[in-house]
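Everything below concerns the one structure shown next.
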């Protein structure tokens, strides 16, 4: 039982990191960035490329190296996110939802098969591997790498929360989410704030990609597809557009999946997760923490 | 402005088509020409491979025309359309195999199952906003595939194989490649025609109204939920028959054929051809299904090209290569700058 | 509906153009299309995954087959001087593409098929080749479903799932493992070995299958199955899926502190398995037919392969090589390119020397013995552990 909870928490923290990017972008420009999961994949491959170009890394340095590579990867995926926004999404900002969504599907395809064309379709083994002791706590097997990764995720999320709540850019983000026209009138540079949002969201996903590569040890060009769907589910469960909701939703989804797999068998895990998504959307589309939005015509 | 008001996807066409060529392309009889080409193609080349590719393309046209009802006419983005094809293929395959029936007798069952599937998927989701709908349909598509992979009645991961042919009376077998191709062409032509007619019907107008402005449509007395559900059900039926033909064509159905990539390919055909315009969609479907066969060696780059093409088309020509005409011209004086900035900011 | 003047004209022109070209090619009116010519090269169809996630194995198979074709052609070809030609078609492990590929091969006038890797994609090819009287020598695909088709043109030269399960059970008993957990990845091939091994274990009775479960391929986190395995605490885990997930599961099991042994089936025998699994891969067993690396006396063969393709041979290189040699032998025996005659010749073959040993088909057209051996990972590489003889 405690093992179940721990496994759920661990996977959930990955979901939460990716869900944050989904939720931030959606909250601010109401865009469902379908390609967000593929940014996670891109992050893993950037990390892979950085580590292979560095050559052999002594095992003792692996955590330090990992952090450096993670920062590099975050910078690059953040930039990729900004570029995607500039090239694919911004020209369509006034366009119908359908057009933007289809573009997002196109971006997702381009990222997946672009990486596949460059790095090859075969899965790659990640050059460094987090390994550490396993110890037992309240009946759950917990490993050192798991704790390190969850700490990194927590630090990133706390930093983000601070950024959004306490800085002027964060305030600008929140105000754009509330009312873009009024923000514009108040002298907020809307485009630059949107760019920053994309940068931060993509950087978080990139960090998650490197973490997944280092923990699981295998990366491939389709690894972002399912996790992107799951992150969206997490964002919806928590209340899309709500940053704390995204974190909460990630953890909740992690639990729900762990329990679903326990009850129905591992091969039904994804079915269970999507069923939860559909249930939430029909019964409580605003999620756990979301506020009811009145539709104005 | 509210969240769910979309500006029109329709081209800003204010003049009737002027050139002779474009009038030719708008000619109502173009469908007959296409049918003529489809019917005479086997006289040019009738190797098993060519017939196989042409049959596959025809089935793909059927799928694209069905998705066009949902995406093109009604403006609902469905990313799990292939699930309906799976329902049709599995229903016909399982029943035909269990009772050793020719596939043609499974049509009523396919009809019932696909309508049910349309209802099950549509009823809870169609109240959602359009972007939620996209993800939910994607989820449903995956659920369908994984379920087919896990159940024993669907044959698990191997799927079902050795499915009986469409119909066989004495020596006359609909399954011989050339005959089957013609049967497929006739069925597909019927469905495409029906879809085009639906688009011009009262219901079709309601669909377009919902696509252009759901709130206004609701205010004008259109039961938008019911209209959307109908689009879904029609789309499902088209997909189901695509599945039936697919099962008959391959004599085998396996979960691998219903992955997300397939849904995306059908969507690509609809988007490239021109959402809402059945002729464009047919051409789009032919291009999407025939091009990879011609460029078999470039398989690795095909999806990359498709992805980039989607972005480019949406950014530069969102109405597709061959959009539908016949919309009300927009009433806006040309000298007033587009207030896109303002409308954009309010979404 | 009334046909307008213009459209009638258009249609007429279109039909006329098409009909005039029809006379000179393979249209419905243009005579029979299938030309099994009596001279020129003899085509061998090979429908294998060239794109998609199984593409690497497809390349190994193509190279192995090409090597045999080149050798045979250098030695004077078949039927007294006719050259062999390999017609490789991509199936991407997808039924629809494999049907298209098989049809293309038939249209190209192939005489024997020497492809088949993914069982799910190979199954729908059978009726197409059967209708054209083309024998299929299947080098890799080995699902029991292929045997159940009972098609007279299907010859499988890889051991079947059943034979692999028998080898697995033999080794399990020999090593004295008392409890076994069976895990598959929910693909046709993998599930086949799981269920087959389970039923053999139950029939045998000395060993206990404490867990038999499936996972979803393509994910990263397999903590659910790790939990199940830790709960059941077997002395051996038998993973019957492919190497991508196999590597992850081995790694996650070891990280969770699993103390028992792990064995994988032939789909996981790939150099990447050890890379993905990391340090935990050491000592993992595998049920596999002989690979060139483990065979005695195959050094020359490997050297030739490396010279020709600048890379190491991989899984199913040898089987594909043998498939082509077998096809050539059968064509020579039949003294014709007629499909029915070649099928007869294949059925009559006795003692043809292959990597897996001398060949004689069973009435089911499978190998009489699967030729499965047990490999183990030592120093990151698969080496022969036990030849089960």
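Quick notes on this structure:
- Selected residue (only one of C:76, C:115, C:80 is at pLDDT 85 or above, surrounded by fewer than 23 Cβ atoms within 10 Å (Cβ to Cβ) and in a loop (DSSP other than H, G, I, E, B)): C:76
- Where a residue in region A:222-251 is without any contact (Cβ under 8 Å) to a residue 40 or more places away in the chain and its partner, wherever it lies, is part of a loop (DSSP other than H, G, I, E, B), with Cβ under 6 Å and at least six apart: none
- Residue match in region A:229-238 (condition: modelled with pLDDT under 90, within 14 Å of chain C (Cβ to nearest Cβ) and touching a strand residue (DSSP E or B) at 6+ places or on another chain (Cβ under 7 Å)): no
- Region B:165-179, residues that are within 16 Å of residue C:128 (Cβ to Cβ) and touching a residue at least 12 places away in the same chain (Cβ under 8 Å): B:165, B:175, B:177, B:178
- If the condition is being in contact (Cβ under 8 Å) with a residue 40 or more places away in the chain, more than 9 Å from chain A (Cβ to nearest Cβ) and closer than 12 Å to residue C:186 by Cα, then region B:146-157 contributes B:148, B:155, B:157.
- With respect to (1) at pLDDT 90 or above; (2) part of a helix (DSSP H, G or I), the lone exception for residue C:8 is condition (1).
- Yes/no for residue C:52 being part of a loop (DSSP other than H, G, I, E, B) and within 14 Å of another protein chain (Cβ to nearest Cβ): yes
- Strands (runs of 3 or more DSSP E) within region C:177-291 that include 3 or more residues crowded, with 23+ Cβ neighbours inside 10 Å: C:179-184, C:236-239, C:261-264, C:285-289
- Residue in region A:138-161 that is farther than 19 Å from residue A:207 by Cα, in contact (Cβ under 8 Å) with a residue 40 or more places away in the chain and loosely packed, with under 12 Cβ neighbours inside 10 Å present: yes
- In region C:356-380, residue modelled with the lowest pLDDT [restricted to those that are in a loop (DSSP other than H, G, I, E, B) and crowded, with 20+ Cβ neighbours inside 10 Å]: C:370
- Residue within region C:212-219 that is in contact with a strand residue (DSSP E or B) (Cβ under 7 Å, 6 or more places away or on another chain), in contact (Cβ under 8 Å) with a residue 40 or more places away in the chain and within 13 Å of another protein chain (Cβ to nearest Cβ) present: no
- Considering the conditions (1) over 19 Å from the mean Cα position of the chain (by Cα); (2) outside any strand (DSSP E or B); (3) over 23 Å from residue C:55 (Cβ atoms), residue C:353 is excluded by exactly one of them, (2).
- Test: residue in region A:186-194 that is buried (at least 16 other Cβ atoms within 10 Å of the Cβ), more than 21 Å from residue A:77 (Cβ to Cβ) and either touching a strand residue (DSSP E or B) at 6+ places or on another chain (Cβ under 7 Å) or within 14 Å of chain B (Cβ to nearest Cβ) (or both): yes
The values are calculated or read from the model by the stated rules, or taken from the named source; none is laboratory data. Only a predicted model underlies this, so the values are computations on that prediction, with no experimental measurement involved. Please note: Cβ atoms are built from the backbone with ideal geometry, for glycine as well, and neighbour counts cover all protein chains shown.
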